[in-house]
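The values are calculated or read from the model by the stated rules, or taken from the named source; none is laboratory data. Note that the structure is a prediction, hence the values are computed from the model and not measured. Reconstructed Cβ throughout: ideal geometry from the backbone, glycine too, with neighbour counts over all protein chains shown. Surface areas here come from the heavy atoms of the whole protein model, side chains and all, with no ligands, DNA or RNA. Shrake-Rupley method; radii C 1.70, N 1.55, O 1.52, S 1.80 Å.
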Amino acid sequence: MAYLTSAPRGTKDILPEETPKWQYLEKTLLETAELFGFREMRIPTFEHTELFSRSVGDTTDVVQKEMYTFTDKGDRSVTLRPEGTAGVARAALEHGLLGDALPLKVSYNITCFRYEKPGSGRYREFHQFGVELYGAASPAADSEILALAYHCLKEVGLGSVVLEINSLGCRECRKRYTQALIQYFDRYRGQLCGTCLERLEKNPLRVLDCKNPEDQRIAAGAPSILDYLCDDCQEHFREVQARLTEAGIPYRVEPTIVRGLDYYTRTVFEMVHTSPNGERVVCGGGGRYGGLIEELGGNPTEGIGFAMGLERLLATMTAEGCGFPPEEPCQVYLASMGESAGVRAFRLASLLRERGISAQCDLMGRSLKAQMKYANKLKARYVVVIGEDELQRGEGLLKSMDTGETTPVRLDEGIQIP
Ligand code: HAM
């Protein structure tokens, strides 16, 4: 029976008292992205499994361990999206959005699904707000995306979050770096976990983001990608930093960031909040991806973007004491005594709502006292009591719940609420 009254592990209900915070956060992020020219795109919750194994990478934790994959009734393998980049890239290709009017700038606000161990801000169903920019290979595009990430955080009151940036280089840099990694990790073969040993053969970069503490300790001493960048990649990274400095966007170069998804090339970054007890919370991350569109069958097209985890962002905002707009309470509660008064209250409520004023009336057949108690609970700004007398006079008293003051109010089309 517990299955009927408790949500699946790693999922979370967002209750009515929490939704205003979510709506505020989502609206702020969408509007900030719009300032930069990003328009919202909506993509399916599930895609063909191959889309993710090809783009996110079949040696990543996400694909190997965390995907919600199932065979549908038509015998196709489909997967609940673990992230948004692959779906957005697929949609951009499918609808021919990469042909003209580049750069293409899109944003998305989606739920994602990863079979992870729930805890410390990690869920199995979570929300991501993200953006993707296609068609621009220049460092200017990297700086624009980083500036947008910073702007989003600042707009929601998290100006203290730091952008940690790194470069993963191009295919050529990666080839040389991979060799160096193999040489380094070879010495620790006896100590690495089974998954890392397998990854050392197939995709050595992935050994760097193993979550096993012993492997992490070994990975901490691995060579840095920054020492293996070719001249072009170095110049690109230098230019990105110069632009960030020029624009006053706080960042820190962090050579250990490799990101957990395979499609990245050159600039990668994470938005990091350090809590008072020193815990490092990654509110979001992203980077450039050079080969993804080609991998999906399109013409070579550069992409760059980021996604933020909204659960972590909200938790960080709450911990940091960021302000949220106050909830809009019920503007007026129409209390009534008797059936005819109840019908009038209903009519007046409809009238007020048509004018955009939130109004509620009794639906429970409650006593006047109980209705007043309920109006208090709703934090209604005003209450009008409608009884036999008021009905006959066509006028009642509008009571301010703040000050207790009362003013006469008409109980027909002429009703006015301040
Ligand atoms: P990601 O780093 O895998 O990147 O996820 C982005 C953010 O989603 C994380 O920084 C974190 O805040 C949040 N997140 C990830 N997994 C969970 C989870 N299990 N529970 C709660 N929050 C989570 C991507 O997904 C890339 N698609 C980002 C990107 C866009 N790169 C380029 N464009």
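For segment 329-405, give me every one of the strands (runs of 3 or more DSSP E) that falls completely inside it and has 3 or more residues that are surrounded by fewer than 20 Cβ atoms within 10 Å (Cβ to Cβ).
Numbers: elements: 332-336, 359-361, 382-386, 395-400.
Because the criterion is at least 3 residues that are surrounded by fewer than 20 Cβ atoms within 10 Å (Cβ to Cβ), the strands (runs of 3 or more DSSP E) in segment 329-405 that meet it are 395-400.
Select from segment 253-296 the residues that are assigned to a strand (DSSP E or B) and closer than 16 Å to residue 158 by Cβ and list them in ascending order.
269, 270, 271, 272, 273, 274, 280, 281, 282, 283, 284, 285
Please determine whether any residue of segment 15-28 is under 28 Å from residue 205 (Cα atoms), open to solvent by 50 Å² or more (accessible area, probe 1.4 Å) and assigned to a helix (DSSP H, G or I).
No, segment 15-28 has no match at all.
Identify, by number, the condition in (1) part of a helix (DSSP H, G or I); (2) open to solvent by less than 60 Å² (accessible area, probe 1.4 Å); (3) closer than 23 Å to residue 271 by Cβ that residue 312 doesn't meet.
(2)
Cβ-Cβ below 8 Å, separation at least six or inter-chain, first residue in segment 116-143 and on the phi > 0 side of the Ramachandran plot, second open to solvent by 10 Å² or more (accessible area, probe 1.4 Å) and within 11 Å of the ligand (Cβ to nearest atom): which pairs?
Note: pairs meeting the criteria are 121/281; 121/309; 121/311; 121/312; 121/315.
Assess whether residue 261 counts as being under 25 Å from residue 121 (Cα atoms) and out of contact with any strand residue (DSSP E or B) (no Cβ under 6 Å at 6 or more places or on another chain).
Here the answer is yes, as residue 261 does meet what is asked.
Could you list, in sequence order, the residues of segment 64-89 that are within 20 Å of the chain's Cα centre (by Cα) and not in a loop (DSSP other than H, G, I, E, B)?
Within segment 64-89, 68, 79, 80, 85, 86, 87, 88, 89 meet the criteria.
What's the number of the condition residue 163 fails, among (1) open to solvent by 30 Å² or more (accessible area, probe 1.4 Å); (2) aliphatic (A, V, I, L, M); (3) at pLDDT 95 or above?
(1)
Out of (1) more than 16 Å from the ligand (Cβ to nearest atom); (2) within 30 Å of residue 28 (Cα to Cα), the odd one out for residue 333 is which?
In the conditions (1) more than 16 Å from the ligand (Cβ to nearest atom); (2) within 30 Å of residue 28 (Cα to Cα), residue 333 misses (2) alone.
Consider residue 79 against the criteria (1) hydroxyl-bearing (Ser, Thr, Tyr); (2) at pLDDT 95 or above; (3) over 25 Å from residue 202 (Cβ atoms): it satisfies all of them except one. Which criterion is unmet?
Here residue 79 meets the rest and fails (3).
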